[in-house]
1. Pick from Val320, Val244, Val265, Val303: which is within 13 Å of the ligand (Cβ to nearest atom) and assigned to a loop (DSSP other than H, G, I, E, B)?
2. Which numbered condition in (1) within 13 Å of the ligand (Cβ to nearest atom); (2) in contact with a strand residue (DSSP E or B) (Cβ under 9 Å, 6 or more places away or on another chain); (3) closer than 23 Å to Trp228 by Cβ is the only one that Ser159 fails?
3. Restricting to the range 287-313, give me the number of residues that are over 16 Å from His50 (Cβ atoms) and either under 17 Å from the mean Cα position of the chain (by Cα) or without any contact (Cβ under 8 Å) to a residue 60 or more places away in the chain (or both).
4. Quick check: anything in the range 282-297 farther than 30 Å from His28 by Cβ, out of contact with any Ser or Thr (no Cβ under 6 Å at 6 or more places or on another chain), in a helix (DSSP H, G or I) and β-branched (Val, Ile, Thr)?
5. Scan the range 73-89 and tell me whether some residue there is more than 17 Å from the chain's Cα centre (by Cα), modelled with pLDDT of 95 or more, within 14 Å of the ligand (Cβ to nearest atom) and closer than 20 Å to Ser301 by Cβ.
6. Only one of (1) over 23 Å from Leu19 (Cβ atoms); (2) within 13 Å of the ligand (Cβ to nearest atom) is not met by Val273, so which one is it?
7. Listed residues Ser249, Ser181; which is among the hydroxyl-bearing types (Ser, Thr, Tyr) and either within 21 Å of Phe148 (Cβ to Cβ) or touching a Gly at 6+ places or on another chain (Cβ under 6 Å) (or both)?
8. Being of a type in the set (Lys, Arg), away from the ligand (no atom under 16 Å from the Cβ) and out of contact with any Phe, Trp or Tyr (no Cβ under 6 Å at 6 or more places or on another chain), is that true of even one residue in the range 51-70?
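The values are calculated or read from the model by the stated rules, or taken from the named source; none is laboratory data. Computed from a predicted model, the values in this text were never measured in an experiment. Using ideal geometry, Cβ is built from the backbone for each residue, glycine included, and neighbour counts are taken over all protein chains shown.
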Amino acid sequence: LGEPVQPAHQRIPADILSLADYERHAVHHVEQAAWAHVESGADQGITLAHNRAAYDALRLLPEPLADLREAHTRTTLFGRELISPLLLAPVAYQRLVHADGEIATARAAMAMQIPMTISTLASHLIEDIAQAARSASRELGRSAPLWFQLYSQPERDTSLDLVRRAEAAGCEAVVWTVDASIKRSRYPLPVGVDAVNLRGNAQPRQTSDLMSENILFGTPLAQQAPRWDELAWLREQTRLPLAVKGILSPAAAVRAVDMGADALVLSNHGGRVLDGVVSPIEVLPAIRDAVPAHIPIIVDSGVRYGTDIVKAVALGASAVMIGRPQLHALATAGMLGVAHMLHMLRAELELAMAQTGCATLAQISPRVLQPHPR
Ligand code: FNR
């Protein structure tokens, strides 16, 4: 049955110097099946690996002697000033890796002034996560926005109810995820961890008859999957800024913006849905060119270092989201771990900006990248 699971550390292990170190530690703090679920990519993991390789293939050009006396990493998203272009991606079922789950993540996010996106599949109630964030903000005298990630539900009323709850809890934006409504999950949740925000709702079943003509197509999962008209509907339901997550083509980006999306999250879901699909960083320039300049573009999938953030911003990203490292840090050292993980990433970002001569995010341009050899 493998190694016994070790409890999370009460302090940060001294040998953690980067996000990769948290991943190395976390394996000892998470039950084996849950670990496989967190780490896995679809099929062969081609896209999972490519998400890293695509960043690694980009080369930075250092720029010495720049004036960094007024340097900062501040930016603005949806009218809110943020201390950095760094956000926590929606990540489901955080109690799989630590008993405090999303509550700990929310406290860490507020402590570090980093926005957190609450998943539809959170393992704590939206209201409880928001409450934890509020009290942490009050204690620490610092805060950051909470966003809510929506997976469309089979009934629009159920989706709407989630949005209303998120609004009432003080969430400041809705992130509508569109890349995973038809996917297969083989991971059975352990007892005690579930989608508490969806309790009582009917969920579409993924199984189908062995003899049926189609495997997924005939099932409620596919029949009830959201379509473009759902975006028009959702746009009418809320005044909150609306981001569409899971876009990877200029055509879909343009269509989403035309239908009222306020921002795009370029994502392949961390390589978890369709193997062989492109990585956000490589489609970013074309999508940046295709949509109006005032539309923020956020990228995720494979962001692990401050240099990745500089590369993404150089190619037109407004901000990045971090997925799995939240769970790695949470499993290893709970709330402290998540706060420390965010701190390291911010320190790396400042270092990378300093070395490329960028005093502000606005100064990060394609000039920091070695042009691709043809
Ligand atoms: C996710 N992701 C995700 N996305 C989403 O919109 N709603 C969700 O509930 C989840 N849940 C989730 C669980 C786990 C275990 C993982 C690893 C990912 C995708 C997530 O928001 C993000 O797109 C990726 O994790 C980004 O890639 P990296 O940073 O993990 O490489």
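1. Working: Val320 fails: assigned to a loop (DSSP other than H, G, I, E, B); Val244 fails: assigned to a loop (DSSP other than H, G, I, E, B); Val265 fails: assigned to a loop (DSSP other than H, G, I, E, B).
On inspection, the qualifying residue turns out to be Val303.
2. (1)
3. Number satisfying all stated conditions: 16.
4. Step one: list which residues in the range 282-297 are farther than 30 Å from His28 by Cβ, which gives 282-297.
Among the residues that remain, those that are also out of contact with any Ser or Thr (no Cβ under 6 Å at 6 or more places or on another chain) are: 282-295.
With the extra rule that they be in a helix (DSSP H, G or I), the set shrinks to 282-290.
Remaining after also requiring β-branched (Val, Ile, Thr): 283, 287.
Checked against the condition, which is being farther than 30 Å from His28 by Cβ, out of contact with any Ser or Thr (no Cβ under 6 Å at 6 or more places or on another chain), in a helix (DSSP H, G or I) and β-branched (Val, Ile, Thr), the range 282-297 yields at least one hit.
5. No: zero hits.
6. (1)
7. On the way: Ser249 fails: either within 21 Å of Phe148 (Cβ to Cβ) or touching a Gly at 6+ places or on another chain (Cβ under 6 Å) (or both).
Just one listed residue meets the conditions, Ser181.
8. In the first step, residues of the range 51-70 are kept if they are of a type in the set (Lys, Arg); the result is 52, 59, 69.
Then drop every residue that is not away from the ligand (no atom under 16 Å from the Cβ), which leaves 59, 69.
Pick out the ones that are also out of contact with any Phe, Trp or Tyr (no Cβ under 6 Å at 6 or more places or on another chain) and you get 59, 69.
Scanning the range 51-70, I find at least one residue that is of a type in the set (Lys, Arg), away from the ligand (no atom under 16 Å from the Cβ) and out of contact with any Phe, Trp or Tyr (no Cβ under 6 Å at 6 or more places or on another chain), so the answer is yes.
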